[in-house]
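Structure first, then comments.
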Amino acid sequence: MNDFEKLINDSKPTLVDFFATWCGPCKMQGPILEQLKNEVGDKANVVKVDIDKNQALAAQYRVQSVPTLILFKAGQPVWRTAGLQQGDTLKAVIEQNM
């Protein structure tokens, strides 16, 4: 994920979903993130990172359970949570960090 550093250092907030294909809650989180992506448009980035394909990145951010969602602003994590999250909660967090 060479573009990961570039993405999280963007001036826009970047919400990263650390997920696994075998994770039930992660599968439920997917459509919520797609809807969120449509709602926020180009005001924020919404990115998914497969922890099995990007183990070093998952380790770097100490992802111990999935889904783990981290919001980055200017390269720094400003919000973090684990477990299935509702779209309105995520949208509020993004809007607070714009």
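The values are calculated or read from the model by the stated rules, or taken from the named source; none is laboratory data. Owing to the predicted nature of the structure, the values given are computational and were not obtained by experimental measurement. Reconstructed Cβ throughout: ideal geometry from the backbone, glycine too, with neighbour counts over all protein chains shown. Surface accessibility is based on the protein's heavy atoms, side chains included, excluding ligands, DNA and RNA. Shrake-Rupley method; radii C 1.70, N 1.55, O 1.52, S 1.80 Å.
Quick notes
- Applying 1/(1 + (r/R0)^6) with R0 = 25 Å to the Cβ-Cβ distance of Ser11 and Gln55 gives a FRET efficiency near 0.30.
- Residue separation of Thr21 and Gln64 scaled by 0.36 nm, minus their Cα-Cα distance, works out to 14.0 nm of gained length.
- Under the shape rule built on the C-alpha gyration tensor, where the axes satisfy a ≥ b ≥ c, the stretch 23-63 is oblate, since a/c reaches at least 1.5 while a/b does not exceed b/c.
- The stretch 1-42: chymotrypsin sites (Phe, Trp or Tyr not before Pro) in DSSP coil with no more than 16 other Cβ atoms inside 10 Å: Trp22
- Of the options (1) 19, 17, 11; (2) 27, 19, 9; (3) 24, 14, 11, only one is semi-axes √(5λ) of the Cα gyration tensor in Å as computed from these coordinates, and that is (1).
- Reach of Lys43 by Cα under 19 Å, taken over lysines that are not fewer than 8 positions away in the same chain: Lys6, Lys12, Lys73, Lys91
- Accessible surface calculations at 1.4 Å, restricted to protein heavy atoms, place the stretch 1-71 at 55 Å² per residue.
- Net charge of the neighbourhood of Val40, taken over other residues with C-beta under 10 Å away and scored Lys/Arg +1, Asp/Glu -1, is +1.
- With at most 13 other Cβ atoms within 10 Å, longest stretch of the chain clear of loop trypsin sites (Lys or Arg not before Pro) (DSSP): 1-52
- Within the accessible area of the stretch 1-82 (1.4 Å probe), percent carbon and sulfur: 50 percent
- The residues neighbouring Val66, those whose beta-carbon lies less than 10 Å from its own, together hold a net charge of -3 under the Lys/Arg +1, Asp/Glu -1 convention.
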